[in-house]
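Worksheet for the structure shown next.
The values are calculated or read from the model by the stated rules, or taken from the named source; none is laboratory data. Treat the numbers as computed from the prediction; the structure is a model and nothing was measured. Heads up, the Cβs are rebuilt from the backbone with ideal geometry, glycines too, and the neighbour counts pull from every protein chain shown. Accessible surface areas use protein heavy atoms only, side chains included; no ligands, DNA or RNA. Shrake-Rupley method; radii C 1.70, N 1.55, O 1.52, S 1.80 Å.
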Amino acid sequence: MRGLLNIVSSVGWAGVVMAKSMVCFPYVVLRRTSRVDLAMQLYATGVRTLPVLTVVSLFTGMILSLQVGLELARFNQEMYLGAAVMLTLMREMAAFSCGICLAACVGSAIAAELGTMKVNDEIDALVIMKIPPMRFLAAPRILALVLMSPLLMFYCCIVGTVGGAIVGHTQLRVDFGQFMSSALSIVAQRDLFVGLFKAGVFGLIIGTVSVAEGFGTKLGATGVGKSTQRAVIVSFLAILVVGYMITRFFYE
């Protein structure tokens, strides 16, 4: 019973963080000083994660191409390899890979940073100076994740498709042009919309969970480590559950 109450309390606190942060989004965009903070968070979220995202998405596409291609080759249907890889990436795997990488790279950093500020009483100092922590610390970080996640998802999809084409050409003897033609012919606007929407929701979830865990940190350095761990684990689980629900809603 106590565990259930803790879960409900954590979900409620995360909902409060999300609501208060979203209310501050217009302030972050309109105020010049806040735009500077937002630009710094966009850089940390987008540019700094590109090396990890590139490797993950490239090999995701290569693995998909190899496994699907081997099965298609049994039926002499290799010409549909590009369509299968692109559709899988666009609908599911690009957003999922992007979300997992952002939770591990960005979400953990946010939780650790805010958790350290919390145990060092820096957040309490902001409150004393009448600077709202949600507006000054939470909103720019969450907004940056929401804005960058769809762009990074699209980047992952492109890199994954290129990786799939490389494997298709070198190991399955599928012409590069044929692979790309098949990939582009199958994708509909709906698939792109679902993938981008899913990535944006993942960004909102990662930002909210990480900020909530950071603000709720206790017990010094040990608490910072536990908050960072919980932020990553909860983000992973939420991405899996919410991703399934979005896919079922749009493709039921």
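Relative contact order, percent, of the stretch 136-252 when contacts are C-alpha pairs under 8 Å separated by at least 6 residues?
Details: 80 pairs, mean separation 37.9, N = 117.
In percent, rounded to a whole number, it is 32.
How much space per residue, in cubic angstrom, does the convex hull of the C-alpha atoms of the stretch 121-252 take up? Spell out each step's value before the answer.
Values: hull volume 18.7 nm³, N = 132.
Value for the stretch 121-252: 142 Å³ per residue.
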Listed peptides 125-132, 140-147 by packing density, highest first (mean Cβ within 10 Å):
140-147, 125-132
Dipole-positive endmost among Val174, Thr60, Val211 within the chain (Cβ charges, Cα centre):
Val211
Ignoring ligands, DNA and RNA, what percent of the 1.4 Å accessible area of the stretch 127-233 is carbon and sulfur?
69 percent
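Is the C-alpha gyration tensor of the stretch 1-79 telling us rounded, prolate or oblate? Criteria: a/c under 1.5 is rounded; beyond that, a/b larger than b/c is prolate, otherwise oblate.
oblate
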Can you find, among Tyr155, Val23, Gly12, the residue farthest towards the positive end of the dipole of the stretch 1-157? Put +1 on the C-beta of Lys and Arg, -1 on that of Asp and Glu.
Val23
Angle in degrees between helix 189-215 and the longest Cα principal axis of the chain, rounded to the nearest 10
30 degrees
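Order these peptides, 6-17, 100-111, by their mean beta-carbon neighbour count within 10 angstrom, highest first.
100-111, 6-17
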Summing -39500 (n - 2.57) over the DSSP H runs of n ≥ 4 in the chain and dividing by its residue number, what mean residue ellipticity at 222 nm do you reach, to the nearest 500 deg cm²/dmol?
-27000 deg cm²/dmol
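Taking 4 °C and 1.567 mPa s as the conditions, I'd like the Stokes-Einstein D for the chain in µm²/s, using the Kirkwood hydrodynamic radius from alpha carbon pairs. The partial results should precede the final answer.
On the way: Rh = 19.3 Å.
The diffusion coefficient I find is 67 µm²/s.
When only DSSP loop residues count, what chymotrypsin sites (Phe, Trp or Tyr not before Pro) in the stretch 44-149 have their Cβ near at most 11 other Cβ atoms within 10 Å? Could the numbers behind the result be given before it?
On the way: sites: Phe59, Phe75, Tyr80, Phe96, Phe136; in loops: Phe75.
When the chymotrypsin sites (Phe, Trp or Tyr not before Pro) of the stretch 44-149 are filtered for loop state and at most 11 Cβ neighbours within 10 Å, Phe75 remain.
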So what's the angle, to the nearest 10 degrees on a 0 to 90 scale, between helix 108-119 and the longest Cα principal axis of the chain?
10 degrees
For the stretch 1-91, with all protein chains present and a 1.4 Å probe, just round the carbon and sulfur fraction of the accessible area to a whole percent.
70 percent
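Charges at C-beta only: +1 for Lys and Arg, -1 for Asp and Glu. How large is the resulting dipole of the chain about its Cα centre, in Debye rounded to 20? Mind showing how you got there, number by number?
Working: 19 positive and 12 negative charges, 126 e Å.
Computed charge dipole of the chain: roughly 600 debye.
So, for the stretch 116-252, what is the accessible surface per residue at a probe of 1.4 Å, expressed in square angstrom?
Working: 6840 Å² over 137 residues.
Dividing the accessible area of the stretch 116-252 by its residue count gives 50 Å².
Using only the Cα atoms of the stretch 37-167, construct the convex hull and provide its projected area averaged over every direction, in square nanometres to one decimal.
On the way: hull surface 33.6 nm².
The Cα convex hull of the stretch 37-167, projected and averaged over all directions, gives 8.4 nm².
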